[in-house]
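In what follows, a structure is listed as structure tokens, so that the remarks can point back to it.
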Amino acid sequence: MDLKKLRYFLVLAEELHYRRAAARLGIAQPALSTAITRLEDSLTVKLLERDQRKVQLTSAGQALAKEGAQLVAKADAAEHLVKRAAGVRVSRIRVGFVPWSVMKILPRSLLEFRKHWPQVKVRIDEQMSRSQVAALREGTLDLGILNRNLVETRGLELHTLERTHLVAAVPSHWPISKSQQVRLKELATYPFLLFPNHWVPNYNAVFKDACRQAGFSPKVAQYVGQPYTLFNLVANGLGVGLVQDTARHLKMDGVTFLDISDLAKPFKSEIALAHLKQPLSPPIAALKEILLQHRVD
């Protein structure tokens, strides 16, 4: 059985939607369809039933979905053990992280790790949580630092590193910036700068609903696809941005961060360290332990 195709199937079995599964895997939808067809041909069974409205697992597909995750984990673990027995050392660790997360934890951890494992390079990559989950399952990330509130994390081991909440980023020259916190309705007259819906699934809709409950409909001046672009627009007075409170560590010129006192639980996030449920190589295990030592309770 082709493990790559099996990994594709496991993602599709979770999503039961070809377009969403292909997006998670970072491949084109036709490529995913071809891979699944070839997997079915190699097994001589039908794994999925598909029509115009839905995708369903067959009984064979359900059996493979149940056993497949364990099979992939065992294969990955065996590869690590074989390489270790052969004296092959891990020379690179790939770590994903969501924007503004672990802004003190990660640098401190990398400095400490470098002292103990100078021969191992750590490559960090800023990614959205959904992309990280797909990359962890594909094996293209070793560790992920993600928002566990935004993604389905079945098959992953998770450890909370910090908890964050949403704050308003406002231009420092606006009078409202002199406040330490505001109520949502105090922002009603200002334009908002939001991230695209695919960046923060459900957040924009929940935020707009919270605004309506506060008695106004938010005016969205711009959807912005890059964090530093958002801060630049805020600093120049184009609107109010909504970001996680850990962004305060950036100390952006011209930007002041205000707590929003009446935002509810949906805007609190739990940032977690994630990896596949399998044995970790010594350097990856060491970096994991260092990150956990620096976590914020």
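Just so it is clear, none of the values below were taken in a lab; they were calculated from the coordinates. Just so you know, these numbers come straight off a predicted model, no measurement behind them. With ideal geometry, Cβ positions are generated from the backbone for all residues, glycine too; neighbour counts draw on all protein chains shown.
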| Between LYS251 and GLU126, how many nm apart are label points set 7 Å from Cα along the C-beta direction? | 1.8 nm
| query | What pairs from LYS54/LYS268; LYS104/LYS268; LYS251/LYS288; LYS66/LYS277; LYS185/LYS268; LYS115/LYS288 go past 21 Å between their alpha carbons? | reply | LYS54/LYS268; LYS251/LYS288
| said: Over the chain, what is the relative contact order in percent, taking alpha-carbon pairs closer than 8 angstrom and at least six residues apart? | reply: 24 percent
| query | With a 10 Å Cβ neighbour count serving as the proxy for reagent exposure, in which order, fewest first, do GLU157, GLU138 appear? | reply | GLU157, GLU138
| 0 to 90° range, to nearest 10: angle between helix 129-138 axis and the chain longest Cα axis | 10 degrees
| request: Could you work out the local net charge near ARG183, counting Lys and Arg as +1, Asp and Glu as -1, over the other residues with Cβ closer than 14 Å to its Cβ? | output: -2
| request: Report, in whole Å, the centroid distance computed from the Cα atoms of the stretch 127-181 and the stretch 24-45. | output: 31 Å
| Relative contact order (percent, whole number), the stretch 3-85, Cα cutoff 8 Å, 6+ residue spacing | 29 percent
| Computed E for ARG212/LYS268 - FRET, C-beta separation, R0 22 angstrom, nearest 0.05 | 0.65
| Helical contribution to [θ] at 222 nm, DSSP H n ≥ 4, -39,500 (n - 2.57), averaged over the chain, rounded to 500 | -12500 deg cm²/dmol
| said: Between TYR223 and SER179, what is 0.36 nm times their sequence separation minus the Cα-Cα distance? Round to one decimal in nm. | reply: 13.3 nm
| said: Helix 59-85 against the longest principal axis of the chain: what's the angle in degrees, Cα atoms only, rounded to the nearest 10? | reply: 90 degrees
| By how many degrees, 0 to 90 and rounded to 10, does the Cα axis of helix 282-293 deviate from the longest principal axis of the chain? | 30 degrees
